[in-house]
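Only one structure is covered here, and it is reproduced in the block below.
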Amino acid sequence: MNKYTLILLIAIQLIGGLQSQAADSVSYRPDVHATIRGKYEYQPQIAKGRFEVRNARVSIGGKVLPIVGYKAEIDLSDEGAIRMLDAYVRIEPKEHLKLTVGQMRVPFTIDAHRSPHLQYFANRSFIAKQVGNVRDVGASVGYTFFGRSPLTLEAGIFNGSGLTDQKNFWTSNYNFSLKAQMTVARHFNLTASFQRANAGDTKVNMYDIGGYYQSNRWHVEGEYLRKHYANGSFPSVNAVDAFIAYRLPLKKVFSALSFLGRYDYMSDHSKGKRNEAGALTVDDPRRHRLTGGITLSWGTPKLQADIRINYEQYFYKSGAVPLISEHNKSVVEFVCHF
């Protein structure tokens, strides 16, 4: 055996040892999670109600190598439809750096990023539902600066095709997103983000800024989003979400009782589709909304069960024609997450 062969064998053994040590420190067992949300809503203005399975999400994630992970999430009943949500590969060569490729939530806003089991109210804010709710296919990179005030920067490039139009979609006009989050004094989070995107038949620029205070019992949050349509094709949209939640620990039956109040607002909003005359139309009329409620909780964050009881009061301008599901309503929702 010559010296070069000996050196090669020693190198192989060293590399094998390092891989074995890394493997010992990483679990490759997939993590499986699920969220089920069933609810009943009653709208007194039309004297009608409905039962609905809002979500039946199942996700699987984990690692195939110490620095390579994955996630796949599907909703078997997203308001009655089956939708593939997340499907990505993530590379994390260092603790503070991550590269994600696939289908994912675009890094933008605060409230739109919350998974259903982490929402505070039965129904999402206007920012999270109508204005800033975007999933797409693309790539993103995130970098975290650790320290007394950790700062995370994220940037992404996306097709602009949404979740269902990938096979025959080719473009040279991509969507872009930027997001920055900073934690101050452990309890305060400040977030700012920007997104340039395709909205139907036009381009939009969206700007979002917000923050929240989080302690063991209190959560106070405010967020503002402005959506600007290219070439003045539609008046800019303003949206606001502000809420407060107080969590009271309990010792019997339930683990906690939360009291919640929210105000949110959205000016006339267009999804970007043009009519026969070539003009953008109002899809969501201007509205204010007040929401109050309580949440009864069992379990832990990993094995969670909630009962959310909300009432929503809408305020429209004279002459507005609300969608059938956008009237005053009472909501009782049951949530299970594991």
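Below are the figures for this structure:
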| read-out | value |
| --- | --- |
| Every residue from the range 286-303 that is surrounded by fewer than 19 Cβ atoms within 10 Å (Cβ to Cβ) and touching a Ser or Thr at 6+ places or on another chain (Cβ under 9 Å) | Arg286, Ile294, Leu296, Trp298, Gly299, Thr300 |
| Top-ranked residue in the range 229-259 [being of a type in the set (D, E, K, R) and modelled with pLDDT of 95 or more; ranked as surrounded by the fewest Cβ atoms within 10 Å (Cβ to Cβ)] | Arg247 |
| Residue within the range 142-152 that is among the aliphatic types (A, V, I, L, M), crowded, with 18+ Cβ neighbours inside 10 Å and modelled with pLDDT of 95 or more present | no |
| Residues (touching a residue at least 24 places away in the same chain (Cβ under 8 Å), surrounded by fewer than 18 Cβ atoms within 10 Å (Cβ to Cβ), farther than 21 Å from Arg37 by Cβ and in contact with a strand residue (DSSP E or B) (Cβ under 7 Å, 6 or more places away or on another chain)) located in the range 75-126 | Ile91, Glu92, His96, Leu97, Leu99, Val101, Gly102 |
| Only listed residue being surrounded by 17 or more Cβ atoms within 10 Å (Cβ to Cβ), closer than 22 Å to Asn133 by Cα and either within 19 Å of the chain's Cα centre (by Cα) or of a type in the set (Val, Ile, Thr) (or both), chosen from Arg226, Arg262 | Arg262 |
| Residue that is among the aliphatic types (A, V, I, L, M) and in a loop (DSSP other than H, G, I, E, B), where the choices are Ala87, Ala128, Ala122 | Ala122 |
| Of all residues in the range 92-135 being under 23 Å from Glu326 (Cβ atoms) and of a type in the set (Val, Ile, Thr), the one that is modelled with the lowest pLDDT | Val134 |
| Flag for Ala122 being of a type in the set (A, V, I, L, M, F, W, C) and over 29 Å from Leu260 (Cα atoms) | no |
| Some residue of the range 160-173 being modelled with pLDDT of 90 or more, among the aliphatic types (A, V, I, L, M), closer than 23 Å to Tyr207 by Cα and out of contact with any Cys (no Cβ under 8 Å at 6 or more places or on another chain) | no |
| Number of the condition not met by Phe169 [criteria: (1) aromatic (Phe, Trp, Tyr); (2) farther than 30 Å from Asp284 by Cβ; (3) not in a strand (DSSP E or B)] | (2) |
| Unique match (being in contact with a strand residue (DSSP E or B) (Cβ under 6 Å, 6 or more places away or on another chain), under 29 Å from Arg308 (Cβ atoms) and in a strand (DSSP E or B)) among Gly222, Gly156 | Gly222 |
| Every residue from the range 260-285 that is closer than 14 Å to Gln313 by Cα and in contact with an Asp or Glu (Cβ under 6 Å, 6 or more places away or on another chain) | Asp264 |
| Only one of Gln21, Gln45 that is polar (S, T, N, Q), more than 19 Å from the chain's Cα centre (by Cα) and either at pLDDT 85 or above or within 30 Å of Ile307 (Cα to Cα) (or both) | Gln45 |
| Residues being aliphatic (A, V, I, L, M) and under 23 Å from Tyr207 (Cα atoms) - total across the range 98-127 | 5 |
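Matching residues to (1) modelled with pLDDT of 95 or more; (2) within 22 Å of Phe121 (Cα to Cα):
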| position | (1), (2) |
| --- | --- |
| Glu223 | yes, yes |
| Lys227 | yes, no |
| Gly261 | yes, yes |
| Ser270 | no, no |
| Asp284 | no, yes |
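The values are calculated or read from the model by the stated rules, or taken from the named source; none is laboratory data. In this text, all values refer to a predicted model and were calculated from it rather than measured experimentally. Every residue, glycine as well, gets a Cβ built from its backbone with ideal geometry; the counts of neighbours run over all protein chains shown.
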